[in-house]
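These notes concern the structure reproduced below.
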Amino acid sequence: MKKYVAECIGTMVLVVLGCGTAMLVGCDAVNGGGYILTAFAFGLVIVGMAYCIGNISGCHINPAVSLGVLMSGGMTGKEFGGYVVSQCVGSIIGSCILAAIFGLGGVTDQTGGFGANGLAGVNGNPVAGLLVEIFLTFVFVLTILGVTSKKAGHGSFGGLIIGFTLVLVHILGIGLTGTSVNPARSLGPAIFAAVYGNTAPIAQLWVFIVGPLAGAALAAVCYKWMESEK
């Protein structure tokens, strides 16, 4: 149970600080400032949470990461189900907090939709969006599997490596899809965007579920093959 609570808290913090930063500063790739701040916000949350809850749950805070760990033999199917539910609940709680902060404080949401992911950067093309999310998640999860491997020996630097890899994939992905690589991160903001009248994110949500899960599965298969001594 403590692992599930940790995953819920971690995902909540990711949504509040990551999506909250995007809502506050915007993600305009032309001007660049808010774009980079948002990328670092998501990455630095992972760094902080890795050293906070990593020893409790592994700090997945992402169903795609949990799928990669499951396929690599690092957790059971029952644990995987518990992790995913906890992560999705955390995302919804985080979005509730953002709704309260931005609603009560009268702060303008610069993204127009709770920092939800979308396909505007790929001209609404779901195939292009899927390719972006599959590739970025593949890179992210492959890095995690490598860093956390018993053969890696990165010690206490693992959280930094994973966090800065998330910054890296956001730098490319924000202007294309907003960078999900995390179905739970996409879920809460899409639901709340729809509640406030922006239905595009919820209609496109399937891309940000299928893409990251497919990318994670590919990463797990690839890494397992590369690490095998056969």
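What follows is calculated from the coordinates using simple rules that are stated; it is not laboratory data. The structure presented is a predicted model; accordingly, all values stated were derived computationally and were not measured. In this analysis, Cβ positions are derived from the backbone assuming ideal geometry, glycine residues included, and neighbour counts consider all displayed protein chains.
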**Q.** Formal net charge of residues neighbouring Ser91 (Cβ-Cβ distance under 12 Å; K, R +1; D, E -1)
**A.** 0
Q | Spatially close lysines, pair count over the chain: Cα under 24 Å, gap of eight or more or interchain | A | 10
Q | For Ile61, distant residues with modelled amide H under 5 Å away | A | none
(Q) Run the numbers for Ser156 and Leu37: contour at 0.36 nm per residue of separation, minus the present Cα-Cα distance, in nm. (A) 40.3 nm
Q: With label points built 7 Å along Cα→Cβ from the Cα atoms of Ile56 and Ala100, find their separation and express it in nm.
A: 1.9
Q) Taking the C-alpha atoms of region 1-153, how large are the radius of gyration and the largest Cα-Cα span, Dmax, in Å? A) 16.3, 50
Q: Could you work out how far helix 126-148 tilts from the main Cα principal axis of the chain, as a 0 to 90 degree angle to the nearest 10?
A: 40
Q) Projected onto the charge dipole of the chain (+1 at Lys/Arg Cβ, -1 at Asp/Glu Cβ, origin at the Cα centre), which of Leu17, Val45, Val85 gives the Cα projection farthest towards the positive end? A) Val85
Q.
Between helix 2-14 and the chain, what is the angle of the helix's C-alpha long axis to the longest principal axis, kept within 0 to 90° and rounded to the nearest 10?
A. 40
**Q.** Principal-axis tilt of helix 33-57 within the chain, Cα atoms, nearest 10 degrees
**A.** 40
Q. Once the Cβ-Cβ distance between Thr76 and Asp28 is put in as r, and R0 is 45 Å, what FRET efficiency do you end up with, to the nearest 0.05?
A. 0.55
Q. Considering the chain as a Gaussian network with a 10 Å cut-off on Cα pairs, which listed residue, Leu70, Leu187, Leu14, attains the greatest mean-square fluctuation?
A. Leu70
